[in-house]
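The values are calculated or read from the model by the stated rules, or taken from the named source; none is laboratory data. The shown structure was predicted, so the numbers you read here are calculated from the model rather than taken from an experiment. FYI the Cβ positions are ideal-geometry reconstructions off the backbone, even for glycines, and counts take in every protein chain you see. Please note that ligands, DNA and RNA were not included when accessible areas were found on the heavy atoms of the full protein model with its side chains. Shrake-Rupley method; radii C 1.70, N 1.55, O 1.52, S 1.80 Å.
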Amino acid sequence: MDHRPPLSRHTSVPSSVPPSVPSSHTISRRSLFLGAAAFGVPAVLAGCGSGEPAQKAGGGSAAAGLGTVTLGSNASDEVPKKSLEAQLKAFTQATVKVNTVDHNTFQENINRYLRGTPDDVFTWFAGYRMQFFAEQGLALDLSDVWRDIGGDFTQAFKDQSTGVDGKQYFIPSTYYPWAVFYRKSVWREKGYEPPATLDEFTALAKKMKADGLIPIAFADKDGWPAMGTFDILNMRTNGYDFHVQLMQGKQSWTDPKVRQVFDTWRGLMEYHQPAALGRTWQEAAQSLAQKKTGMYLLGMFVAQQFPEADRDDLDFFTFPEVNPAYGTDSIDAPIDGYMVSAKARNVDGAKALVKQLAQASSQNIATKLDPGTLASNGKADTSGYSALQKRGAELVSKATHIAQFLDRDTRPDFASTVMIPSLQSFVGKPDEIDPLLASIEKQKATIFR
């Protein structure tokens, strides 16, 4: 859902959801990964292309007070773009000039963007990846904004917004879990049932193939989608703690545990949609919507590619157990939001804007217009959540551990320059595991030294 020229949905950002930290805290990178319960998400929810021309949103004649605020946005897809536009219409303290850039372009150019002439506000990701740029002095301290909005968020969301210096640099907006999505009508017709183990998952894929379906929708043209498959297989096989340590450069990629992950993945490749390196996630999602594929491991934003009339037919299950020692205790559930550039020209306007985007009223708009998202603000109205959104919130609330996603949980340079090409290489040649892992380990040693 999000990576770009400086912004995009997923591609090389580290982060995660941290455990609560002492009040006089300095946030460690390890603390950025945490248990799901800390999200404070109720299990049962009730009431309470590349660079497009800049567009103006929000404001009106009453907006002159704080002048013009520029916003660099990775919301280039139709649904999130309309969602952001609707949220900005409610902001009347300044005129907002939006610079929308393709997700992947934004993400891949974020470092150059922030060191050049960035917009006042930019879309980005929580946790480790946020910390990376805050440590380099490229983001503005938003601790004063947090003093005003903090009561609306759980400690987990605040931790995810906090730099290693204990200051807040990020404003959470929405988040979404990763799971295996499918069309209920197809499964009902075929008599399929959600698998509880890897063996059952493989057996299901075999049956789908025999029934004339491509079992697993898959795409990795953009580089980041395959990271989700690696994440879940690693957490299911080796546990959350090992995954965190691997992301932080503290475990070896040549460890037999990592090879086992790739061996397992290779065993599933025959059920994946072929020619994945030439396909975008949107195209893979559309194949699921068109009933050409049987299931798809992706974030809940997959719903954006379903016609509104078909969204009630979309359901999911968490990826099944691989190792009984870890069960299904971990998931990816990335948090998207906003940061203010250290080079912001209109600091007052920028802070007013991100404060508005943090409000429950803004996030109510976001979750209504974008069916693949959940609100981070604890006062948001969840009574209007779709069945899918309620299921997503329940999944997060029941998870013991929550990771943010590979490109948010490790160094951005390692994610983008090492892991994207490495995973794409594996997708193209899944039999060449040992040389690949040796190469990753060699590059990791240089980057993390």
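Cross-link partners of residue 442 among lysines, defined as those whose alpha carbon lies under 20 angstrom from its own and excluding same-chain residues fewer than eight positions apart: 250, 257, 429. Here the calculated FRET efficiency for residue 211 and residue 252, from their Cβ-Cβ distance with R0 = 56 Å, stands at 0.85, rounded to the nearest 0.05. The apolar share of the surface of segment 160-287, taken as the fraction of accessible area on carbon and sulfur atoms (1.4 Å probe, ligands and nucleic acids excluded), comes to 48 percent. Shape descriptor for segment 141-193: Rg over Rh equals 1.37 (Cα atoms; Rh from the Kirkwood inverse mean 1/r). Taking a ≥ b ≥ c as the square roots of the Cα gyration tensor eigenvalues, segment 137-296 comes out prolate, since a/c reaches at least 1.5 and a/b is larger than b/c.
Think of segment 325-449 as a dipole: +1 on every Lys or Arg Cβ, -1 on every Asp or Glu Cβ, centred on the Cα centre; then among 377, 342, 438, 342 lies furthest on the positive end. Put +1 on the Cβ of every Lys and Arg and -1 on every Asp and Glu Cβ in the chain; which of 154, 288, 101 then has its Cα farthest towards the positive end of the dipole? The one lying farthest along the dipole's positive direction is 101. Applying 1/(1 + (r/R0)^6) with R0 = 30 Å to the Cβ-Cβ distance of residue 292 and residue 86 gives a FRET efficiency near 0.40. Go through 358, 202, 401 and say which Cα lies farthest out towards the positive end of the charge dipole of the chain; charges sit on Cβ, +1 for Lys and Arg, -1 for Asp and Glu. It is 358. When peptides 339-345, 115-121 are sorted by average Cβ neighbour count within 10 Å, with the highest value leading, the order is 339-345, 115-121. Taking a point 7 angstrom from the Cα of residue 446 along the C-beta vector, which residues in segment 394-432 have backbone N less than 11 Å away? Within reach of a label on residue 446: 418. Per-residue ellipticity at 222 nm computed for the chain from its helices equals -11000 deg cm²/dmol, with DSSP H segments shorter than 4 residues left out and the rest contributing -39,500 (n - 2.57). Charging the Cβ of each Asp and Glu at -1 and of each Lys and Arg at +1, and nothing else, the dipole of the chain about its Cα centre rounds to 440 debye. Taking square-rooted eigenvalues a ≥ b ≥ c of the alpha carbon gyration tensor, is segment 307-449 rounded, prolate or oblate, where a/c under 1.5 means rounded and, failing that, a/b exceeding b/c means prolate? Oblate, because a/c is 1.5 or more while a/b does not exceed b/c. Per residue, the chain exposes 36 Å² of accessible surface when a 1.4 Å probe is rolled over the protein heavy atoms with every protein chain present.
Residue 98 sits with roughly 10 Å² accessible to a 1.4 Å probe, with DNA, RNA and ligands left out of the calculation.
For residue 200, the shell of other residues with beta-carbons less than 10 Å away shows a net charge of -3, using +1 for Lys and Arg and -1 for Asp and Glu.
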